[in-house]
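One structure is given here, and the rest of the page talks about it.
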Amino acid sequence: MSLGDEMSLKPKLKVTLLTGRTIEQGVGKEHGKSSKEYLESVSICYIDPEDMKKLGIKNGTNVLVSTDYGSVVVKAVKSKRFPHAGEIFIPYGPWANVVVNPETDGIGMPSFKGVPATIEPAPEQRILSLAELLKEQYGKG
């Protein structure tokens with residue numbers, strides 16, 4: 001079996017990405033957008049427990065979320081609000097911005113709901129720091 005064959009065995013799920021505000025994100029923002037509290041509250045992805053089983057992951061496993069607009073590694077968190085199989089939620093923030101359509105269609109706000117995505121386990125990949133993410137996405141750090 002070649003490395004390519006092994007990589008194709010990694011489970012992937014097609015999902016719908018939703019983004020929005022959370023209480024934890026709001027509290028983190030009060031500490032400052034460069035605070036550990038804020039960064040940990042927005043570099044996560046809430047996933048239905050049944051979807052976590054399908055992916056073979058546990059709470060805290062890094063996952064790769066990919067859309068037509070980009071890919072980002074975030075930490076999987078078992079959703080407290082389930083069932084919602086086939087839907088994932090990333091709180092508003094720099095990590096969510098990587099995977100949503102940047103086009104605002106003249107209204108000044110991108111669409112943060114209903115983005116087709118794939119999610120897969122990525123325990124070997126780390127979550128980028130804010131400076132690394134900004135440098136990778138925008139050439140700034």
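Using a simple spin-label model with pseudo-atoms 7 Å out from Cα toward Cβ, residue 75 and residue 138 lie 2.4 nm apart. Excluding ligands, DNA and RNA, the accessible surface per residue across the chain is 60 Å² with a 1.4 Å probe. Within the listed set 119, 88, 23, the residue fluctuating most in the Gaussian network model of the chain (springs between alpha-carbon atoms under 10 angstrom) is 23.
When a 1.4 Å probe is rolled over the protein heavy atoms, the share of accessible surface on the chain that falls to carbon and sulfur comes to 54 percent. Across 64, 55, the residue with the most accessible area heads the list, and the full order at a 1.4 Å probe is 64, 55. If r is the Cβ-Cβ distance from residue 30 to residue 101 and R0 is 22 Å, what FRET efficiency results, to the nearest 0.05? It comes out at approximately 0.15. Rounded to the nearest Hz, the phi-derived 3J(HN,Hα) couplings of the range 79-95 under the Karplus curve 6.51 cos²θ - 1.76 cosθ + 1.60 (θ = phi - 60°) are 5, 7, 10, 9, x, 7, 3, x, 10, 10, 9, 10, x, 3, x, x, 6, where x marks glycine and proline. Using the Cα coordinates of the chain, the gyration tensor eigenvalues translate into equivalent-ellipsoid semi-axes of 24, 17, 17 Å, sorted from longest to shortest. In a Gaussian network model over the chain where Cα atoms closer than 10 Å are linked, find which of 21, 81, 126 has the largest mean-square fluctuation. Result for the chain, Cα springs under 10 Å: 81 fluctuates most.
Stretching residue 82 away from residue 118 to a fully extended chain increases their span by 11.1 nm, per 0.36 nm per residue minus the current alpha-carbon distance. Compared with the direct C-alpha span, the chain from residue 131 to residue 53 gains 24.8 nm at full extension, assuming 0.36 nm per residue.
The values are calculated or read from the model by the stated rules, or taken from the named source; none is laboratory data. These numbers come from a predicted model, not from an experiment. Virtual Cβ from ideal backbone geometry, glycine too; neighbours counted across all protein chains shown. Heads up: the accessible areas ignore ligands, DNA and RNA and are worked out on the full protein's heavy atoms, side chains in. Shrake-Rupley method; radii C 1.70, N 1.55, O 1.52, S 1.80 Å.
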